[in-house]
Amino acid sequence: MTDTIMEYKIQADPEQLQPWPALKKKLSTSAPEIPGGGFRQSRRVQGMIDCHSLARGYSQLFIYIQKGLGAYAVEISKMIKTIYSIKDSDIRLRLYLAAFGDPELTVHPRPYTTYGYKTATRTIVENLAGEGIKTPCLLDTLDMNPYLKAGQYRRADRGLIIIFASALEDVRFSETAMEKLSRQKNSYIVAVSGEEVKGALLRQPNFEQEG
């Protein structure tokens, strides 16, 4: 007997979805303090220079793009770029990119670890996502296994997660993915193919079992 795979969808009031500028503001105010780089005046001892200090921003960004959204690579890349802009300049951000909708994630072979946004991101987004949107589209896992095997993977729940979809109602979540997102403080789902880019914070999502 084959076990039934449970899938979940988000119940979201369209009137409560926020446009990207509002989400960006929320991302900025929610950014944690993390160790920064460079040399600064010590906060504890006058005249002493610390080689590390606290800075505000995200050190890890996990991007999941629905298969078929290659035509929206420009819009998605612009939003990724704005996330770089909300961090302090001395934070290196590790960017992970993957596309979902097949049985397994399609993962970019290596993460970018940079201080600033790279223009090559647009091409990577376009190639990962491809064309031909299929709905509904299942996000089965948040684990980017190639990074795990290479010893480069760091837990997604310690960073910022952005899920880009054609529409919120087009995405289904496995129970594992749903539970991880429910525990994650900074995770968002953003619809990019409508008249206006809108999304929602997934910290307290209203998930409903499908079917």
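Looking only at segment 169-186, residues that are in contact with a Pro (Cβ under 9 Å, 6 or more places away or on another chain), open to solvent by less than 60 Å² (accessible area, probe 1.4 Å) and over 18 Å from E7 (Cα atoms) come to 1 in all. Only residues that are part of a loop (DSSP other than H, G, I, E, B), at pLDDT below 80 and either closer than 17 Å to Q60 by Cβ or touching a strand residue (DSSP E or B) at 6+ places or on another chain (Cβ under 8 Å) (or both) were counted in segment 190-211, giving 5. Scanning segment 63-78 for residues that are open to solvent by less than 10 Å² (accessible area, probe 1.4 Å) and in a helix (DSSP H, G or I) yields G70, A73, I76, S77. Would you mind stating whether T135 is at pLDDT 90 or above, open to solvent by 70 Å² or more (accessible area, probe 1.4 Å) and on the phi < 0 side of the Ramachandran plot? Answer is no for this residue. Condition test on R154, is it over 16 Å from A98 (Cα atoms) and either at pLDDT below 85 or open to solvent by less than 30 Å² (accessible area, probe 1.4 Å) (or both)? Considered against the rule, which asks whether it is over 16 Å from A98 (Cα atoms) and either at pLDDT below 85 or open to solvent by less than 30 Å² (accessible area, probe 1.4 Å) (or both), R154 comes out as no.
Here is the figure for segment 174-189: residues that are assigned to a strand (DSSP E or B) and out of contact with any helix residue (DSSP H, G or I) (no Cβ under 7 Å at 6 or more places or on another chain) total 1.
Condition test on G57, is it in contact with a helix residue (DSSP H, G or I) (Cβ under 7 Å, 6 or more places away or on another chain) and either at positive phi or modelled with pLDDT under 80 (or both)? Against the criterion (in contact with a helix residue (DSSP H, G or I) (Cβ under 7 Å, 6 or more places away or on another chain) and either at positive phi or modelled with pLDDT under 80 (or both)), G57 does not qualify. Of the residues examined, I91 is not one that is touching a Leu at 6+ places or on another chain (Cβ under 8 Å) and β-branched (V, I, T). Scanning segment 79-96 for residues that are open to solvent by less than 40 Å² (accessible area, probe 1.4 Å) and among the polar types (S, T, N, Q) yields a total of 1.
Taken as a whole, segment 64-86 holds no residue that is of a type outside the set (G, A, S), at pLDDT below 90 and touching a strand residue (DSSP E or B) at 6+ places or on another chain (Cβ under 7 Å). Restricting attention to segment 157-168 and to residues that are touching a strand residue (DSSP E or B) at 6+ places or on another chain (Cβ under 8 Å) and modelled with pLDDT under 85, the residue that is surrounded by the fewest Cβ atoms within 10 Å (Cβ to Cβ) turns out to be R158.
The values are calculated or read from the model by the stated rules, or taken from the named source; none is laboratory data. These numbers were taken from a predicted model, which means no experiment stands behind them. Heads up, the Cβs are rebuilt from the backbone with ideal geometry, glycines too, and the neighbour counts pull from every protein chain shown. Keep in mind that these areas ignore ligands, DNA and RNA; they rest on the heavy atoms of the full protein, side chains included. Shrake-Rupley method; radii C 1.70, N 1.55, O 1.52, S 1.80 Å.
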